[in-house]
Amino acid sequence: MANTPALIEEMRSRTALFEDLRPSQQAFVDTRIPEHERDIYNVIGRGVTEDSNLQPAIRAVEGFNVTYIGADPGKGAALHSHPTVEVFVAMTGRWVVYWGDHGDDETELGPLDMVSVPVGVMRGFRNTGDEHAYLMAILGGDDAGRVDWPETVLLRAKETGLELDADGNLTRPALR
């Protein structure tokens, strides 16, 4: 098999240095709800981000999307689902990934542990450690689709000023 040469410029466009990543604190409709505040870093592809202005560091999507999540203790994502598999990898700290219609089942992850959540299963996650930590989320497919939120999350988010438009993107209210 012959190797495919890669130009330096192409490889630079496929490199994401953490120090250069700029997080969004408003990437999803639940991010203003106090217990769901977190930083979202789109690394490869847009994933399921609801902030149409948040662009990935690496735009080439070839079968998967990668997002880093940074959160303080006790914070993480509300229950939600995706039309793709989602793999969570604890990069630092301790995390709980919970699932089910009410989030009654859970598994704990430490550094470099991972869990793969099937398509359509409601899931959420929370930093259970005692310091800011990072989690990686990997979503399958070139187009990871949109997030499906329970109505209770959407109502709580609306109280913070965040809503989704008909296309599933955040409306553009100013950050508080």
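The values are calculated or read from the model by the stated rules, or taken from the named source; none is laboratory data. For clarity, every value in this text was computed on a predicted model and none was experimentally measured. Cβ atoms come from the backbone with ideal geometry, glycine included; neighbour counts cover every protein chain shown.
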> Does V48 meet the test of being on the phi < 0 side of the Ramachandran plot, surrounded by 21 or more Cβ atoms within 10 Å (Cβ to Cβ) and modelled with pLDDT under 95?
Replying inline: yes
>> Condition first: touching a His at 6+ places or on another chain (Cβ under 7 Å) and without any contact (Cβ under 8 Å) to a residue 60 or more places away in the chain. Can you find one or more residues in segment 76-85 that meet it?
In response: yes
> Which residues, taken from segment 64-113, are closer than 20 Å to G168 by Cβ and assigned to a loop (DSSP other than H, G, I, E, B)?
Replying inline: H82, P83, T84, V85
> When residues of segment 1-43 are filtered for being free of Cβ contacts under 8 Å to residues at least 12 places away in the same chain and polar (S, T, N, Q), how many remain?
Replying inline: 2
> Can you tell me which residues in segment 23-39 are in contact with a strand residue (DSSP E or B) (Cβ under 8 Å, 6 or more places away or on another chain) and either basic (K, R) or assigned to a strand (DSSP E or B) (or both)?
Replying inline: S24, R38, D39
>> If L54 meets every condition in (1) closer than 20 Å to L164 by Cα; (2) buried (at least 22 other Cβ atoms within 10 Å of the Cβ); (3) touching a strand residue (DSSP E or B) at 6+ places or on another chain (Cβ under 6 Å) apart from one, which number is that one?
In response: (2)
>> Here is a list: L79, L155. Which entry is exposed (fewer than 12 other Cβ atoms within 10 Å of the Cβ) and aliphatic (A, V, I, L, M)?
In response: L155
>> It is to be established whether one or more residues within segment 103-124 are out of contact with any Ser or Thr (no Cβ under 8 Å at 6 or more places or on another chain) and on the phi > 0 side of the Ramachandran plot.
In response: yes
> If you scan segment 6-31, which residues turn out to be surrounded by fewer than 20 Cβ atoms within 10 Å (Cβ to Cβ) and under 14 Å from T160 (Cβ atoms)?
Replying inline: Q25
>> Looking for something without any contact (Cβ under 8 Å) to a residue 60 or more places away in the chain and part of a strand (DSSP E or B) - is there at least one such residue anywhere in segment 127-144?
In response: yes
